[in-house]
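Report on the following structure.
The values are calculated or read from the model by the stated rules, or taken from the named source; none is laboratory data. Bear in mind that the values here come from a model prediction, so they are computed numbers and not experimental data. Note that we place each Cβ from the backbone using ideal geometry, even for glycine, and neighbour counts take in every protein chain shown. The accessibility values were calculated without ligands, DNA or RNA, using every heavy atom of the protein model including side chains. Shrake-Rupley method; radii C 1.70, N 1.55, O 1.52, S 1.80 Å.
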Amino acid sequence: MDYNRVFSDALKTVKEEGRYRVFTDIVRQRGAFPKAEWFSEDGVKDITVWCSNDYLGMGQHPKVIDAMEHALKNTGAGAGGTRNISGNNHMHVLLEEELADLHHKEAGLLFTSGYISNDASISTIAKLLPGCVIFSDELNHASMIEGVRHSGCKKHIFRHNDIEHLESLLKVTDPALPKLIIFESVYSMDGDFAPIKEFCDLADKYNALTYLDEVHAVGMYGKRGGGVAEQEGLMDRITVIEGTLGKAYGLMGGYITSTKDIVDAIRTFASGFIFTTSLSPVITAGALASVRHLKASKIERAIHQERAEMLKKKMLAADLPVMPSVSHIVPVLVGDPVICKRASDILLNEFNIYVQPINFPTVPRGTERLRFTPSPLHTDEMIDYLVDSLKAVWARLDVKKFAKAA
C-alpha cells in the first residue's frame, strides 16, 4: 500500500471542494487589539482582526497581563504534570472556587480546553448512569458530539432548538431510564440562543439532567458574566454548566460547574482530566484576574453589545446578507466554499482585514459564511472600513447570487 498517497488523496479531495484550511501567520500587538501583524509572503503587514474569539479583548487587559507576569516571576512557567501527580496548584483551587461562585454551583473543575471539558464530562456522566439516554441538539459542538460518542450510550438527536421534537423523543423513552439533555446557550456559527427555560421545563417533566455549554456566553451575558442562564435567571435549574477560559476571558482552558458529587465523580473517573497535564499557573492566574474583573465590570459587555448591533445595522444598510443573529456573533452568508475563501483572501491581501472563511464541516454545505466578531475595541472607523471593503468584494465576486441560492 502507498500509505502517503492515502493522505495526499484525502487532502486533494478537500482542496478540490474548496474547503482546505490555511492558517494565517499573525502576531497580536500588545495594547493594540484588534490590530495584529501578518507575516505574509510579501513581508510583515499590519492588519485588523475581525474573527477572534477573544470577544472582549481581555487577553490584552492590563490586569490579566500583570497577574500572569506576577505568577511567572513567583511560580515559574509550568504546572509540573497532572494534578494526580503534581497536586493542585493553589491558583487552580482559587479559580475553581471563583467559577463555581460565578454559576452559583457547589464546585468547579478545570480542564485544559473547552473541547476536553465537554468530551470528558459528558462521556463520564453518561457512563456512570446505568442505561443513560442522551438527547443532543443537532447543532451541538463537535466536542459535545464526541462526548456522546465516547459515552457509548443510546442517543437521540433533536432538531435545533426544537422543543416539540425534543419532547416527542422524551415521551417514547422508558421513564425508568436516566436521561441527559445537552445543548448550548449561544450557537457560535448562527448566533442564536437556546430556549433554556423550555428545555429545563422538559427536564423537570421527564426527570432528566441538563448539561449546558455556555462557552460563547460566559463573560458576555448576565450581571456578572455568568452567561445566558444567568441573564435569564435559570442557573439553578441547570445540572451542569460548562464554559471556557479561551473566549471572553481571553486565555485558554475549559471548566465545568455542578454539585460537589458530580464534579468529584468527573474528577475521579474522567480520563481527559486524570491523564492530562494541568493548566499552567501563569494561565490560571490570568484567567482568575479576568473572571474577577468581568464579575465586577459591566462596561466591556455594554460596549460590546453596542458594537455588534452597530455592525449588523451598517451591514444591513449596505445590503449585505447578514444572517439573523440575536447575539454578538455576526455571520454573513456567502453560500459557496470557493467564493467564501476567495472573499477572505481578498479582504486580507488587499484590505488588510482578517476574517476566516467558515466552511463544511463547521457549517452545512451551501451555508458557507464569513463570521465576524466585533469587540469593544473595534472603532467606528474600523466598522465603516469593513463595510465598505465588503461591499467592494461582494460586487467583484458577485457574492449575492451565491447567497440567494443558499
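Points worth noting:
- Test set (1) assigned to a loop (DSSP other than H, G, I, E, B); (2) closer than 29 Å to LEU348 by Cβ; (3) of a type in the set (A, V, I, L, M, F, W, C) - MET1 fails condition number: (2)
- Residues within region 219-229 that are under 15 Å from GLN305 (Cβ atoms) and either open to solvent by less than 30 Å² (accessible area, probe 1.4 Å) or not in a loop (DSSP other than H, G, I, E, B) (or both), tallied: 7
- When PHE360 is tested against (1) part of a loop (DSSP other than H, G, I, E, B); (2) over 23 Å from GLN29 (Cβ atoms); (3) at pLDDT 90 or above; (4) hydrophobic (A, V, I, L, M, F, W, C), just one condition goes unmet, and that condition is (3).
- Hits in region 320-334 (condition: open to solvent by 20 Å² or more (accessible area, probe 1.4 Å) and touching a residue at least 24 places away in the same chain (Cβ under 8 Å)): PRO321, MET323, PRO324, SER325, VAL326, LEU333
- The residue that is farthest from the chain's Cα centre (by Cα), counting only those in region 45-65 that are within 23 Å of GLU381 (Cα to Cα), among the hydrophobic types (A, V, I, L, M, F, W, C) and not in a loop (DSSP other than H, G, I, E, B), is ILE47.
- Pair list, Cβ < 7 Å and 6+ apart or interchain, from region 88-105 residues that are under 19 Å from TYR221 (Cα atoms) to residues that are open to solvent by 40 Å² or more (accessible area, probe 1.4 Å): GLU98/ARG292; ALA100/GLU106; LEU102/ARG224; HIS104/ASP236
- LEU72 falls short of the stated requirement of being modelled with pLDDT of 95 or more and under 24 Å from GLY222 (Cβ atoms).
- All positions within region 333-356 that are of a type in the set (Lys, Arg) and more than 27 Å from PHE33 (Cβ to Cβ): ARG342
- Selection count, region 91-105, where residues are part of a loop (DSSP other than H, G, I, E, B) and open to solvent by less than 30 Å² (accessible area, probe 1.4 Å): 1
- GLY272 being in a loop (DSSP other than H, G, I, E, B), within 18 Å of SER121 (Cβ to Cβ), open to solvent by 20 Å² or more (accessible area, probe 1.4 Å) and at pLDDT 95 or above: no
- The sole residue among ARG369, ARG342, ARG396, ARG365 that is in contact with a helix residue (DSSP H, G or I) (Cβ under 9 Å, 6 or more places away or on another chain), closer than 24 Å to GLU17 by Cα and crowded, with 20+ Cβ neighbours inside 10 Å is ARG369.
- Which numbered condition LYS341 fails, given (1) part of a loop (DSSP other than H, G, I, E, B); (2) touching a Gly at 6+ places or on another chain (Cβ under 8 Å): (1)
- Listed by position, the helices (runs of 4 or more DSSP H) contained in region 106-199 that have at least 1 residues being within 14 Å of the chain's Cα centre (by Cα) and among the hydrophobic types (A, V, I, L, M, F, W, C) are 114-128, 142-151.
- Enumeration of residues in region 128-173 that are within 25 Å of ILE262 (Cα to Cα) and β-branched (Val, Ile, Thr): VAL133, ILE134, ILE145, VAL148, ILE157, THR173
- When ASN88, ASN84 are screened for being part of a helix (DSSP H, G or I), of a type outside the set (D, E, K, R) and within 30 Å of THR268 (Cβ to Cβ), only ASN84 passes.
- Among residues of region 209-252, those that are within 28 Å of GLU69 (Cα to Cα) and of a type in the set (Asp, Glu), counted: 1
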